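One structure below.
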Amino acid sequence: MVQEPLDPTTELDLTDIAFGGSAIGRQEGEVVFVPFGLPDERVRVRAQRQRRNFVEAELVEVLDPAPGRVEPRCPYFGACGGCQWQHATYELQLAMKRKVVVDQLRRLGGFAGADELVRPAMGMIDPWGYRNHVRFSVGRKYGDAGYTYRGTRRLLPIAHCPISHEAINTVLAQIQRRCTGMRAHQIAVRYGCNTGDLLVSPRLPSVPEIESGQIELREQVLDRTFWVSGASFFQVNTKREQRTIPTQLAVPWLAEREGPYSMADLLALTVLDRLDPDPDTTVLDAYCGVGTFTALIAPRVKQVIGVEESPAAVADARRNSADLENATYVTAKSEAAITGLDVPRLDAVVVDPSRIGCAPSLLAALLERWPRRVVYVSCDPATLARDLRILVDGGYGIDQVEPLDLFPQTYHIESVTTLTLAG
């Protein structure tokens with residue numbers, strides 16, 4: 001039966017939040033997704049796209065706002081596609097992110113007890129000015145720099161980005177309307193929040209007061225400094241804040257629980273704590289990137305092997321671990337490397353895949369090697385739920401899921417899940 005489309009405008013009660021940032025309502029049994037809405041609001045919406053099983057709608061008016069609704073800080077919010085939740089208090093953002101993880105585990109993973117597995121989300125003290133890496137789009141005619149309008153490739157010139165580090169906003173002010181004649185469509189700006197290093201790429205001869213064209217920079221996580229090439233991934237939230245390490249992290253070897261820590265520091269501490277390493281442990285760090293976890297794990301274990309398919313990242317990783325004799329690297333797809341790994345016993349594995357999750361062959365290899373512990377770092381709760389279902393069906397049990405907010409003002413959420421062999 002063909003469903004009638006939603007009326008052009010209609011009033012709607014919003015009851016939930018979806019992965020992707022939209023609030024959810026229902027009209028005559030049909031699911032309606034409303035960007036920039038919040039649960040517990042009554043709103044007026046206009047239907048935009050009628051899909052087979054749902055409707056995408058535009059928020060026209062908030063008739064009864066949720067208690068957590070606030071005025072967005074950024075004048076470009078709603079037009080720019082970078083942030084989705086500036087209209088919510090930070091406490092509400094953290095609650096919604098935890099709810100999204102729970103819902104994905106329950107709905108896609110089939111984990112009925114997901115609410116008991118997922119801890120409250122760890123967040124920032126000040127959830128602004130944290131991004132250490134952005135890509136500015138550049139207009140060819142006038143040299144305007146900015147982002148793009150939400151859902152399009154059309155340039156949105158901006159004067160300031162409140163979620164980016166002030167060092168990056170300083171560069172933005174210096175390059176604005178001065179990058180005409182560039183061959184590149186984008187300018188990448190990276191900043192080492194804890195080193196002061198700046199990377200601006202490509203080289204900008206039209207802005208001589210900015211040193212540009214760098215190919216690498218340094219940044220710190222916990223007590224180590226890492227070299228990161230322009231082509232390599234690194235965590236975007238390294239701005240340190242004065243804070244106390246959350247009580248759910250034991251980290252008995254940590255000298256100071258109070259001090260300046262970034263969300264990248266907390267992520268690394270969570271991985272180390274859940275890994276529960278000892279001097280007789282052999283660990284595999286799959287999708288290891290520039291060796292961040294590998295280098296931090298190495299001093300606490302017998303051997304750690306990092307696997308990464310990007311040659312540039314592996315070159316960075318080897319440089320970052322040059323002083324660690326028990327850290328080695330393999331340039332290969334993780335799923336290919338684990339099957340041929342020449343170690344008598346694999347005690348634990350850390351996996352930190354991209355948003356697409358783990359390759360099925362990697363999960364199959366884990367179920368063949370049977371490491372006693374798997375620590376899964378995820379940036380996508382949907383693929384996390386899919387992969388956890390496979391591991392649990394294969395004999396692992398979930399100890400806990402720890403959400404961490406490395407991306408305030410957006411719907412993105414990182415998490416660390418600890419699995420151990422059942423029985």
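Here are some notes:
- The stretch 131-149, residues that are among the charged types (D, E, K, R), surrounded by 18 or more Cβ atoms within 10 Å (Cβ to Cβ) and not in a strand (DSSP E or B): ASP144
- Condition met for ARG119 (within 26 Å of TRP85 (Cβ to Cβ) and either in the same structural domain as ALA298 (by TED's automatic domain parsing) or touching a residue at least 60 places away in the same chain (Cβ under 8 Å) (or both)): yes
- Filter result for GLY78 (farther than 16 Å from THR10 by Cα and of a type outside the set (D, E, K, R)): yes
- Residues considered: ALA322, ALA337. Of these, the only one that is among the small types (Gly, Ala, Ser) and surrounded by 15 or more Cβ atoms within 10 Å (Cβ to Cβ) is ALA337.
- Residue count, the stretch 197-246 (criterion: hydroxyl-bearing (Ser, Thr, Tyr) and more than 25 Å from GLN409 (Cα to Cα)): 5
- Residues of the stretch 286-319 satisfying the condition of being within 19 Å of TRP253 (Cβ to Cβ) and touching a Phe, Trp or Tyr at 6+ places or on another chain (Cβ under 9 Å): THR292, THR294, ALA295, ARG300, VAL304
- Qualifying residue in the stretch 399-418 (condition: surrounded by fewer than 20 Cβ atoms within 10 Å (Cβ to Cβ) and of a type in the set (S, T, N, Q)): yes
- Qualifying residue in the stretch 319-339 (condition: more than 24 Å from the chain's Cα centre (by Cα), touching a residue at least 40 places away in the same chain (Cβ under 8 Å) and closer than 28 Å to TYR130 by Cβ): yes
- Any hit, the stretch 373-380, residues being touching a residue at least 24 places away in the same chain (Cβ under 8 Å) and surrounded by fewer than 20 Cβ atoms within 10 Å (Cβ to Cβ): yes
- Number of the exception - ASN169 against (1) in contact with a Gly (Cβ under 9 Å, 6 or more places away or on another chain); (2) in contact (Cβ under 8 Å) with a residue 12 or more places away in the chain; (3) in a helix (DSSP H, G or I): (2)
- When residues of the stretch 8-26 are limited to those that are surrounded by fewer than 17 Cβ atoms within 10 Å (Cβ to Cβ) and not charged (D, E, K, R), the one farthest from LYS99 (Cα to Cα): PRO8
- Only a single item in (1) surrounded by fewer than 24 Cβ atoms within 10 Å (Cβ to Cβ); (2) touching a Pro at 6+ places or on another chain (Cβ under 9 Å); (3) in a strand (DSSP E or B) is not met by TYR329, and it is number (2).
- Residues within the stretch 154-184 that are of a type outside the set (Gly, Ala, Ser), modelled with pLDDT of 90 or more and more than 24 Å from HIS87 (Cα to Cα), tallied: 8
- Enumeration of residues in the stretch 80-89 that are under 17 Å from SER164 (Cα atoms) and at pLDDT 95 or above: CYS80, GLY82, CYS83, GLN84, TRP85, GLN86
- Verdict on GLY29 being closer than 30 Å to GLY394 by Cα and surrounded by fewer than 17 Cβ atoms within 10 Å (Cβ to Cβ): no
Results for (1) aromatic (Phe, Trp, Tyr); (2) surrounded by fewer than 18 Cβ atoms within 10 Å (Cβ to Cβ); (3) over 30 Å from GLN400 (Cα atoms); (4) not assigned by TED's automatic domain parsing to the domain that holds ASP115, shown as yes or no for each residue.
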{"position": "VAL45", "(1), (2), (3), (4)": "no, no, yes, yes"}
{"position": "ARG52", "(1), (2), (3), (4)": "no, yes, yes, yes"}
{"position": "GLU58", "(1), (2), (3), (4)": "no, yes, yes, yes"}
{"position": "PRO65", "(1), (2), (3), (4)": "no, yes, yes, yes"}
{"position": "ALA79", "(1), (2), (3), (4)": "no, yes, yes, yes"}
{"position": "GLN84", "(1), (2), (3), (4)": "no, no, no, yes"}
{"position": "VAL100", "(1), (2), (3), (4)": "no, no, no, no"}
{"position": "ASP103", "(1), (2), (3), (4)": "no, no, no, no"}
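- Single unsatisfied condition, ARG355 versus (1) crowded, with 17+ Cβ neighbours inside 10 Å; (2) part of a loop (DSSP other than H, G, I, E, B): (1)
- Strands (runs of 3 or more DSSP E) fully within the stretch 205-268 counting 1 or more residues that are crowded, with 16+ Cβ neighbours inside 10 Å and of a type in the set (Lys, Arg): 224-229, 241-244
- Out of PRO72, PRO65, sole residue that is in contact with a His (Cβ under 9 Å, 6 or more places away or on another chain), under 30 Å from HIS160 (Cβ atoms) and not aliphatic (A, V, I, L, M): PRO72
- Test set (1) in a loop (DSSP other than H, G, I, E, B); (2) more than 21 Å from the chain's Cα centre (by Cα) - TRP128 fails condition number: (2)
- Restricting VAL290, VAL304, VAL271 to those that are of a type in the set (Val, Ile, Thr), crowded, with 18+ Cβ neighbours inside 10 Å and assigned to a helix (DSSP H, G or I) reduces the list to VAL271.
The values are calculated or read from the model by the stated rules, or taken from the named source; none is laboratory data. Computed from a prediction, not measured in an experiment: that's the story for all the values here. Positions of Cβ are backbone-derived with ideal geometry, glycine not excepted, and every protein chain shown enters the neighbour counts.
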